[in-house]
1. What size of dipole, in debye to the nearest 20, comes out for the stretch 257-390 about its Cα centre when the only charges are +1 on Lys and Arg C-beta atoms and -1 on Asp and Glu C-beta atoms?
2. Taking the Cα centre of the chain as the origin, how large is its charge dipole in debye, to the nearest 20, when only Lys and Arg (+1) and Asp and Glu (-1) carry charge on their Cβ atoms?
3. Separation of the stretch 135-193 and the stretch 86-120 by C-alpha centroid, Å?
4. When only C-alpha pairs under 8 Å and at least 6 residues apart count, what is the relative contact order of the chain, in percent?
5. Below 8 Å between Cα atoms, with a sequence gap of 6+, how large is the relative contact order for the stretch 319-430 in percent?
6. Report, to the nearest whole %, how much of the accessible area of the chain belongs to carbon and sulfur atoms, 1.4 Å probe, protein only.
7. Under the Karplus relation 6.51 cos²θ - 1.76 cosθ + 1.60, θ = phi - 60°, what is the ordered set of whole-Hz ³J(HN,Hα) values for the stretch 411-416, x standing for Gly and Pro?
8. Can you compute the modelled spin-label distance between GLU136 and LYS168, with each label point 7 Å from Cα toward Cβ, in nm?
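The values are calculated or read from the model by the stated rules, or taken from the named source; none is laboratory data. Predicted, not measured: the structure shown is a model, and the values here were computed from it. Virtual Cβ from ideal backbone geometry, glycine too; neighbours counted across all protein chains shown. Heavy atoms of the whole protein, side chains included, go into the accessibility calculation; ligands, DNA and RNA do not. Shrake-Rupley method; radii C 1.70, N 1.55, O 1.52, S 1.80 Å.
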Amino acid sequence: MQKQTKTNEAAISRGLLIQATQVLGAVLAFEHPADAVLSRHFRDNRELGHRDRGFIAESVYGILRRLRWLRRVAGDDATPRQLLLAWLARGEGWPMRQFEGLASPTERDWVAEVKAAPIDGGSLAERADLPDWLAERLLATHDEETLLDLARSLNQPAPLDLRVNLLKGNRDEVLARLNAEGFKAEAGAWSPQAIRLGGKPALQKHPLFLDGTVEVQDEGSQLLGLLVQPKRSELVVDFCAGAGGKTLQLGAMMRSTGRLYAFDVAEKRLAKLKPRMARAGLSNVHPVLIAHENDAKVKRLAGKADRVLVDAPCSGLGTLRRNPDLKWRQSAAGVDEMVAKQRAILASAARLVRPGGRLVYATCSLLAEENDAVVDAFLAAHPGFRQIDASAVLEKQGVALQTGERLRLSPRLHDTDGFFAAVLERSADA
């Protein structure tokens, strides 16, 4: 195995190793998302410096990405402490001397055995660091070699992408400023609004972030906004808005004119949107809490929306670079339940689209049953809608990205999160 980014071993203390073990144990219970467990631990231990937080987070995420391989190295019954030691030895490539003072003599003997242990090829799922059910489902649309390439790309940390707020700046100016300040910044490969930063700089207190000139948003996610292609003064609905990353993009593309409804079933997520709206300088966004996809608040807009985005709740398996715990927390049964929900949401959202209007269905999933199967079933049941070529929609906006009639992004090919999208149009005489 190739070594990951080298951890600064000299900075590690016994106490820090104990904290990392505690966090890892809580994460491996898979009762809560890994990022939530880490955030809670860091809030409760504010004395931890940036480097110590980095060690804990990078170790936890490294283990989650390679958990199946690591259990073959350390044993299926390995404790969180043993998994961490095995990761440092085999994943980070620590020499034995670095374990002196951190591990007991018995543990160091065990680590030496782990470092020397040969690992055979294993099954395809084991080599891909995926659960069996997920490898099996991905094999429906990938051959073995492509699946292994995809798995390797999903096991790499995601880059940090920014979206420039069109109301407050342009990309060239922001790029020039960031590079002048010592950041390693370059234009995104696909989205004309994207900037990619090298490393993991802290931006929460940077003036460009505080004044809403930039937002953190994966470049693939930004392309979904371009597929919606909202115009000034239109009525647009973000049907599953969440905390509103795409809502903010749509609002800026509309130049804060018209009406942009942000629907979601989670009050906490919508609450997070409101301060972001103010920071972004948007006055056209209307957050709306709904109980379900057939809420009366939804029905009031039937046939009125120029454009509707359905960024559907999904397995999230296209975001494994950022959320590697999802592959261990999800299940085949859970995905099947999600598909039923996706079909219901898409059918409900479609009722809002006016004749001649546009409907965009999107997920951050890699699974055909959450993507093509949902769209195919919808089109079969709704003859008043037809499909538009997603690549052509992007090309008209200066994005030369040929992924077929439906958008398919993957970290393997595009170095973005794994997104799917289909652009649908309601016939003018529907």
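1. So the dipole magnitude of the stretch 257-390 works out to roughly 780 debye.
2. It works out to roughly 1560 debye.
3. If you average the Cα positions of each part, the centres end up 34 Å apart.
4. 13 percent
5. 33 percent.
6. Carbon and sulfur: 50 percent of the exposed surface of the chain.
7. Along the stretch 411-416, the couplings run x, 5, 9, 10, 6, 10 Hz.
8. With each label point 7 Å from Cα toward Cβ, the separation is 4.9 nm.
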